Each structure stands twice: as structure tokens, then as C-alpha cells.
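First up is the structure itself, then whatever we jot down about it.
The values are calculated or read from the model by the stated rules, or taken from the named source; none is laboratory data. Please read all numbers here as calculations on a predicted model, not as lab measurements. Don't worry about glycine lacking a Cβ; one is built from the backbone with ideal geometry, like all the others, and counts go over all protein chains shown.
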């Protein structure tokens with residue numbers, strides 16, 4: 001399978017500034033944006049139902065029953081829970097009497113199938129990166145090959161500002177790749193000096209199906225490079241801060257959403273005790289701060305946190321990068337969906353960061369800044385308060401262990417109309433408003449002492 005064997009195509013260990021990702025030249029000429037998704041005759045018919053709750057106790061009850069029936073919980077708030085049912089007939093009796101509404105009954109998502117015939121290898125230099133508004137890349141979602149091509153083109157077109165960095169490798173042999181973006185001074189020999197400014201790290205979809213998180217990370221990276229006179233350019237931010245963008249922290253899972261199952265959630269690592277029947281850990285429950293084992297020992301569930309913290313190769317690699325990269329001042333974990341801006345902590349609603357007042361202030365400002373562009377309403381608060389308590393969360397670890405004092409999980413659009421299946425027409429508006437949010441945070445950080 002093409003993407004499954006990508007490690008043989010894209011062995012990008014030790015990438016430095018200006019180095020090339022060794023993609024073969026395409027025999028089809030330039031990359032033509034041909035359709036990547038074909039319709040499977042066996043379309044999936046399913047319901048997403050929103051269960052309304054009146055108390056924390058009722059919320060906990062619904063989550064407990066969802067977990068016991070191995071159901072896929074899409075979204076949780078203090079007022080309601082969205083649960084995905086592959087077929088209407090599979091809704092357990094315990095849920096039949098609950099107060100609920102159908103968000104999108106009988107959706108028919110197209111099963112993604114990627115083949116060599118409809119997707120030639122990408123050719124570097126495909127996209128016009130001098131402009132963000134006329135760049136066709138942001139008109140559609142892209143598979144892993146396209147994303148690597150786009151990242152490499154940014155490094156080649158802007159060698160003084162962009163460097164592709166290899167952060168680690170997954171269980172299936174794919175590279176976890178990021179972009180270091182910043183303006184560096186040069187030494188007497190004309191070579192760039194080390195990075196010296198404060199750094200903000202922005203991560204895309206930990207959960208594979210949250211494509212909008214990955215497209216938004218890439219949109220923001222591009223906005224840092226275009227001419228500062230262009231509307232929406234964020235180039236001025238580089239005068240005060242460097243950035244690391246990790247668009248696809250879960251490459252194996254992301255590829256799986258393109259090749260097999262659009263709504264896949266976890267990574268694709270073999271599960272200890274799974275007997276070969278299931279794969280994957282929930283990356284956002286596998287971080288090493290207040291990590292919690294699965295109480296029911298069900299290793300095939302969506303929320304399985306692993307046998308131990310940092311069992312996932314992805315969390316291990318990214319945590320190492322965050323630990324050993326100096327001057328990280330802020331971290332943003334982009335997610336979907338729910339339109340929330342959340343600070344630590346996740347593991348307990350009784351735990352509060354020592355500088356929570358600052359985090360609340362910045363979070364409210366971020367929400368206001370994001371709303372200005374397109375009127376998207378955001379709610380700010382703590383992870384546990386806005387969702388539920390869960391150990392092993394990345395934001396908790398980044399704040400408590402990596403000592404990054406400004407850390408947020410940002411749930412992007414929407415609130416349930418499309419859920420994880422946002423149309424591509426939303427890529428640009430979500431990218432624009434999120435860039436404004438990051439710009440506000442960068443300005444807020446400048447006014448605060450480290």
C-alpha cells in the first residue's frame with residue numbers, strides 16, 4: 001500500500017535547513033490535485049446523537065455507560081454529550097430513554113481510499129507560496145504525502161526562515177516532522193545563528209480524524225511567510241517570536257483516516273494485551289503527568305491510555321522535543337470540535353495552576369480575538385471544568401513537567417453541525433481566525449515577564 005510503505009520513500013532522518021525530502025519525481029508531471037477520495041459502495045450510515053444532561057452526576061453516568069458499551073464519544077460539555085453510533089439499531093437500551101436529539105441523522109460519509117492511480121507522488125514546487133489568499137493548497141484537505149511536500153516547499157522557498165525538523169518516528173515507520181520558523185541573525189560567514197527568541201509550539205491533530213487541526217496548523221505556518229503587506233500575513237510575529245509547527249503529530253493514525261477509516265481516533269501502535277485484535281492508544285491520555293491506567297482493562301476502547309505513560313512512540317518523541325528545546329514560552333494544542341479555549345488542568349477539577357489568573361486573562365483575550373474575524377463564538381476556561389477530568393493530558397504535562405507557563409488546548413469549529421467532518425470551505429476561515437488568536441497571544445506574552 002502506497003502510504004503504508006512511505007518509510008521507504010521518505011526516510012527523512014536528520015533533516016536540516018535546505019535539505020530535501022527525497023520524494024521521487026512524479027511521472028505524471030506537476031501535482032494535479034486529483035481527487036483523493038473515491039466512494040466505497042458500502043457507505044457508512046450512522047447517527048450522532050446529542051444527549052442533554054442536567055447535572056454532573058448525569059454527565060458522569062452517560063460517560064460511564066458510553067465507555068462500558070465501547071461507544072465513540074465525540075464531544076463533551078457540562079450540558080451535553082455527543083455520541084457516535086455506527087447504525088441506529090446499535091443504540092443500547094440504556095440510552096433510549098435519555099433526552100437526546102439527532103445532530104445529523106443518517107450521514108453518509110465517503111470511505112476514503114487512496115491509490116497510486118489517483119495520487120501520483122507530489123512534486124516540490126507545486127504551490128504558490130508567495131500569497132496565502134491565492135494558494136490552492138488551502139482549498140482542500142490533504143493527505144500525508146501532500147503535507148510533507150508542502151512543508152518541504154516552505155523550507156526550500158524560505159531557507160533563511162524555515163527549517164524542517166525530524167522529531168521522531170512512529171510504530172509504522174513514519175517520521176514525525178515539524179517546522180522551525182524564525183528570523184535568525186547571520187554570522188560573519190553568512191550562516192544563520194542559533195534560534196534566540198522565545199518560541200511558541202503549535203501542534204495539529206493528535207487525534208487522527210481532526211483534520212481541521214492539521215490544516216489550521218499549516219495555514220498558520222504559511223501566514224508567517226507571506227509578505228507582511230498581504231491581508232492576513234502574520235510575518236510581523238517573527239520579529240518577537242520563533243515558532244515550531246507540528247502539523248501531524250500522529251502520522252500513522254492520520255494516514256489511516258485517508259486509506260481506511262475516516263473517523264479513526266488513536267495512533268496505530270500494537271496494543272499490549274490486545275491479542276492482535278486491536279491497535280492504538282489515545283495519545284492525549286498517554287502523557288506522563290497524572291497518567292491514569294484504564295480501570296476496566298479494555299485495551300480496544302477509543303480512550304485507551306496505554307499500559308504506561310509515554311508508551312506511545314509519538315508522545316515519547318514529542319515530549320523529548322519539548323523538554324530539550326530551549327525558550328519555549330507557549331504551547332497550543334489544536335483540536336476539534338467544540339469552540340473552546342482551555343488551560344490546565346485536565347486531571348482534576350480541584351487542581352489549579354499557580355498563575356491561573358493570567359491564563360484566564362489570556363484565554364478570554366484569545367477568544368475575543370478569534371471571534372472578531374468571522375464571529376465564531378469561543379468559550380474559555382479550564383480543561384476539567386469545560387470537559388471532564390482525565391489524566392495523561394498533553395496540556396497538563398506541558399505546563400507541569402515541561403514548565404511552559406502558557407499552555408492551551410483549543411477546540412476549533414464547530415459545535416456539532418459537521419463535527420469532525422467539516423467541509424473544506426471552512427479551512428480558510430478557521431485558519432484566519434486562529435491566526436488572529438495566536439497573534440493576540442504573542443502580543444500578550446510580550447507584555448509579560450517569562
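When the residues of segment 47-59 are narrowed to those that are at pLDDT 90 or above and part of a helix (DSSP H, G or I), which ends up surrounded by the fewest Cβ atoms within 10 Å (Cβ to Cβ)? Walk me through it before giving the result.
Residues of segment 47-59 that are at pLDDT 90 or above, as a first pass: 49-55, 57-59.
Still in the running and part of a helix (DSSP H, G or I): 57-59.
Working: 57: 9, 58: 15, 59: 19.
Among residues in segment 47-59 that are at pLDDT 90 or above and part of a helix (DSSP H, G or I), the one surrounded by the fewest Cβ atoms within 10 Å (Cβ to Cβ) is 57.
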Residue in segment 392-405 that is surrounded by the fewest Cβ atoms within 10 Å (Cβ to Cβ), counting only those that are over 17 Å from the mean Cα position of the chain (by Cα) and closer than 19 Å to residue 249 by Cβ: 401
Of all residues in segment 267-280 being modelled with pLDDT under 95 and within 16 Å of residue 171 (Cα to Cα), which is surrounded by the fewest Cβ atoms within 10 Å (Cβ to Cβ)? 276
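Take the conditions under 30 Å from residue 55 (Cα atoms) and in a helix (DSSP H, G or I) and apply them to residue 397. Does it pass? Lay out the reasoning, then the answer.
Numbers: under 30 Å from residue 55 (Cα atoms): yes; in a helix (DSSP H, G or I): yes.
When the stated conditions are applied, residue 397 passes them.
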Hey, does segment 368-385 have a residue that's buried (at least 16 other Cβ atoms within 10 Å of the Cβ) and under 18 Å from residue 265 (Cα atoms)? no
Exactly one condition in (1) surrounded by fewer than 15 Cβ atoms within 10 Å (Cβ to Cβ); (2) without any contact (Cβ under 8 Å) to a residue 60 or more places away in the chain is false for residue 345; which is it? (1)
By residue number, the members of segment 419-450 that are under 19 Å from residue 138 (Cβ atoms), part of a loop (DSSP other than H, G, I, E, B) and free of Cβ contacts under 8 Å to residues at least 60 places away in the same chain are 423
Pick from segment 291-300 the residues that are closer than 16 Å to residue 388 by Cβ and modelled with pLDDT under 90: which of them is surrounded by the fewest Cβ atoms within 10 Å (Cβ to Cβ)? 295
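Name the residue, out of 359, 283, that is in contact with a strand residue (DSSP E or B) (Cβ under 8 Å, 6 or more places away or on another chain) and surrounded by 15 or more Cβ atoms within 10 Å (Cβ to Cβ). Don't jump to the end; show me each part of the working.
Values: 283 fails: in contact with a strand residue (DSSP E or B) (Cβ under 8 Å, 6 or more places away or on another chain).
Going through 359, 283 in turn, just one is in contact with a strand residue (DSSP E or B) (Cβ under 8 Å, 6 or more places away or on another chain) and surrounded by 15 or more Cβ atoms within 10 Å (Cβ to Cβ): 359.
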